[in-house]
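Read through the structure below, which is laid out as structure tokens, and then see the notes.
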Amino acid sequence: MELVSATTMRKHLRRIRSSGSAEEAVAYLFFLSEVDGELVFAASDSDTTMEDPEVTAARDQVREDFSDVFQEDLPAGHRPERFEGGYHRIDIEPGHKPPSQPVRTIPAPMMEELKRQIIKYVELGILRPSSSPYGCPIIFAPKPGGKWRMCCDYRALNNITIKDTYPLPPHDTLLEQLKGSRWFSRFDFNQFFHQIPIHPDDIHKTAIRTRYGSYEWTVMPFGLTNAPATALRVGNRAFFDFIDQFLVIFMDDTIVYSPDFDSHVKHVRQFLQRCRDHQFFIRPSKVELFVKSIDFIGHHISEAGLSIIEDRIRAVMAIQPPVSYGPTVGKQPLRRMAKDGKSSLRSFLGMVGQFRRFIPKFSKVAEPLNRLLKDNAEFVWETEQQQAFDNLKSAICNAPVLQLPDQKLPSILEVDGSGTHVGQVLLQDQGKGMKPCGYHSVTLSDTQRRWPIPEIELFAIVEGFRFFRHILLGAPETIVRSDHQPLVYFQTKSTLSPKQARWLDELSEYNFRIEHIAGEKNKSVSSYSFELIQGLIYRKTIYGRQLYIPPTAKVPTDDEDTLRGRRAEDVRNVFRISEDIFPEDMQRAVFPEDTRKMFRMSSGPKYILTCVIDTYVMIMQFGHIATSYHTYTSRVITKDIQKAHGRHAEDIPGNHFPFTRMYSFAAKSTLC
């Protein structure tokens with residue numbers, strides 16, 4: 001029996017989902033226990049999955065054939081221009097003197113590191129002594145693994161540099177190119193900036209001032225304002241004919257994708273040959289060759305679809321509210337803005353906002369927080385803001401796996417409008433039933449909120465087509481579903497207002513028809529609804545599907561002593577594992593006897609955590625987590641929950657370690 005972390009377990013489960021192996025998934029039955037002060041999952045034995053020998057052989061052959069391209073350290077020598085425009089230029093606004101700054105004091109432990117890196121870069125030919133009138137100081141930034149990166153403080157130079165407006169590709173566009181792919185390879189260029197030369201006329205402008213004299217770069221250093229634009233331009237020029245065929249490139253991060261293994265091997269070799277032709281070098285330690293799932297620009301991509309990577313989820317969950325406690329008002333202390341509270345809140349909304357496609361009605365959920373960022377708004381953190389903050393974190397933690405949209409397939413656009421917001425969801429059937437491809441929502445302006453309801457509902461359709469335009473324009477028929485029945489006759493209406501006429505003209509580009517759907521059936525964008533699945537009652541909320549908890553089995557509130565004051569929502573989030581991680585055809589299984597035996601041998605629990613899960617024991621579909629000091633309370637709560645879901649009395653835990661085959665268990669928690 002091996003013990004693995006929750007993060008490792010999730011990686012195993014994602015790989016299992018990609019392979020679609022129900023038998024292998026059954027081998028990963030798990031329970032909560034305490035090891036080294038951390039919550040862990042116990043996996044049975046070890047991963048016995050053997051990789052296809054053909055894949056292993058192809059991977060080894062590629063590494064051998066392109067060993068000159070895979071270089072952990074950059075080789076010495078001049079960096080070629082490669083093609084016209086392959087240099088980095090630094091164009092200065094007219095009328096400015098060369099910025100020259102004094103040497104900055106560096107801590108004594110960094111002096112040896114500074115000398116070592118200068119010697120290294122001079123030997124590589126990417127740094128050389130300088131007598132330039134330009135000069136900027138250097139600083140050191142920590143790198144993973146305890147190493148240090150020498151950075152140049154080019155702020156003074158950047159302020160007088162003419163900005164390069166080369167367009168950066170939208171992340172959604174990059175991700176959607178991967179649709180239908182089953183095989184992926186990821187390549188990381190070795191210090192990509194240092195593989196791009198500086199134009200000879202601009203080398204002197206890159207000069208740095210150090211304790212050991214002035215030096216200038218012959219390649220593009222880190223810190224220049226236009227460096228990202230140049231890197232993207234060079235990448236697009238070098239691999240132009242591959243991009244959007246089997247390659248996406250964003251800065252130094254490159255993904256090769258293919259629908260089948262044979263074509264993927266061909267595509268990888270084509271890409272590496274182009275790297276050889278242009279003398280690009282790739283860091284072998286960061287290469288992922290011939291895999292079925294991969295991480296790219298904050299997302300996890302596999303045959304199953306698109307999800308948020310674990311690192312981003314953990315980063316969001318670690319953010320604390322930007323407030324401090326003020327004087328007590330009634331029974332509750334008034335929460336006021338902490339230092340830099342608005343800036344912290346903007347950062348939080350920016351981090352969460354990049355994943356808004358995963359969150360139904362994002363604008364509505366975030367509205368109480370956005371209200372605090374308005375000009376002259378008093379920053380007072382009340383229950384409404386805390387609830388919105390928690391709901392956004394829960395939505396990220398429980399984000400669904402989205403399909404990558406296919407423009408060749410018909411789509412369903414479900415829309416919903418209210419007095420303050422409009423929301424949309426795009427759905428497609430790609431062989432596994434209707435599943436979402438993305439969510440969108442917009443907060444209405446003060447003027448828009450004064451529109452009549454029919455116009456708001458129509459605007460929801462218009463906004464949906466605007467946002468998903470790149471998918472729906474030229475696509476087969478799109479069915480628009482709205483709970484506002486008069487919209488069904490909008491396209492044949494004889495009298496239209498000027499605004500409606502403009503919208504009709506805009507929508508005429510698309511092939512669509514409008515269907516009416518009752519509000520209670522419009523679950524994809526409605527705030528909540530109930531549904532029955534496998535005999536269990538679920539509530540569909542704005543941040544995911546949850547098992548229904550009867551009133552007498554509510555999780556303790558903040559006023560109660562739950563896990564040393566931790567919020568009950570945070571406790572639940574620890575144990576939620578999305579149903580989308582697991583294969584849909586997984587069969588019900590029971591815990592192995594050795595797992596149950598090991599569990600019973602643990603010392604008595606300080607708290608009882610009762611987790612009610614779905615009929616399939618492996619699929620923890622947003623299970624209930626209830627806490628109690630006593631096993632009796634746990635049994636009462638479990639009984640109440642199971643009664644609500646139609647379960648039998650014999651399924652209720654009956655000893656100090658409540659443990660049933662299908663529905664619930666209790667565990668000692670290290671949070672207490």
Applying 1/(1 + (r/R0)^6) with R0 = 45 Å to the Cβ-Cβ distance of ARG128 and THR56, what FRET efficiency is obtained, to the nearest 0.05? 0.55
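Within 10 Å of each residue's Cβ, count the other Cβ atoms and sort GLU367, GLU509 from fewest upward.
Values: GLU367 16, GLU509 12.
Ranking GLU367, GLU509 by Cβ neighbours within 10 Å, fewest first, gives GLU509, GLU367.
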Restricted to Cα positions, what overall size does the range 411-521 have along the principal axes? Three whole-Å values, descending. 41, 27, 26
Pick out, from GLN279, LEU247, ILE294, the residue whose Cα sits farthest towards the positive end of the charge dipole of the range 241-316, with +1 on the Cβ of Lys and Arg and -1 on the Cβ of Asp and Glu. GLN279
If N is the residue count of the range 40-173, its Cα Rg over 2.2 N^0.38 Å rounds to 1.61
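Can you divide the C-alpha Rg of the range 186-299 by 2.2 N^0.38 Å and report the result to two decimal places? Intermediate results must be reported in sequence, preceding the final value.
Values: Rg = 16.5 Å, N = 114, 2.2 N^0.38 = 13.3 Å.
Rounded to two decimals, the normalised Rg is 1.24.
Find how much the distance from ASP91 to ILE309 grows on full extension, using 0.36 nm per residue of separation minus their present alpha carbon separation; answer in nm with one decimal. Could the numbers behind the result be given before it?
Numbers: separation 218, 0.36 × 218 = 78.48 nm, distance 3.87 nm.
Computed gain between ASP91 and ILE309 is 74.6 nm.
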Averaged over all viewing directions, the convex hull of the alpha carbons in the range 108-291 casts a projected area in nm² of 12.0 nm²
Separation of the ASN159 and ILE119 label points, Cα + 7 Å toward Cβ, nm: 3.6 nm
In Å, what Rg and Dmax follow from the Cα atoms of the range 243-296? 11.0, 28
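Tell me, Kirkwood radius of the range 348-495 from alpha-carbon pair distances, in Å? Walk me through the numbers before you get to the answer.
On the way: mean 1/r = 0.0598 Å⁻¹.
Averaging 1/r across every pair of different Cα atoms and inverting gives 16.7 Å.
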Filter LYS179/LYS408; LYS266/LYS408; LYS143/LYS205; LYS147/LYS292; LYS179/LYS292 down to the pairs with a C-alpha to C-alpha distance above 21 Å, please. LYS266/LYS408; LYS143/LYS205; LYS147/LYS292
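Name the trypsin sites (Lys or Arg not before Pro) in the range 190-231 that are in a loop by DSSP and that have at most 15 other C-beta atoms within 10 Å, would you? Present the calculation step by step, with values, prior to reporting the outcome.
On the way: sites: LYS205, ARG209, ARG211; in loops: ARG211.
Counting only loop positions with at most 15 other Cβ atoms within 10 Å, the trypsin sites (Lys or Arg not before Pro) in the range 190-231 are ARG211.
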Treat the count of other C-beta atoms within 10 Å as a stand-in for reagent exposure and order ILE517, ILE139 from fewest to most. ILE139, ILE517
Arrange the following residues from fewest to most other Cβ atoms within 10 Å of their Cβ: SER411, SER130. SER130, SER411
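Under unit Cβ charges (Lys, Arg +1; Asp, Glu -1), what dipole magnitude, rounded to 20 debye, does the range 108-291 have relative to its Cα centre? Working shown, then result.
Values: 23 positive and 19 negative charges, 111 e Å.
So the dipole magnitude of the range 108-291 works out to roughly 540 debye.
A short reminder: the numbers here are calculations on the coordinates, not readings from a lab. As the structure is a computational prediction, the values presented were derived from the model and not from experiment. We place every Cβ from the backbone using ideal geometry, glycine too, and count neighbours over all the protein chains shown.
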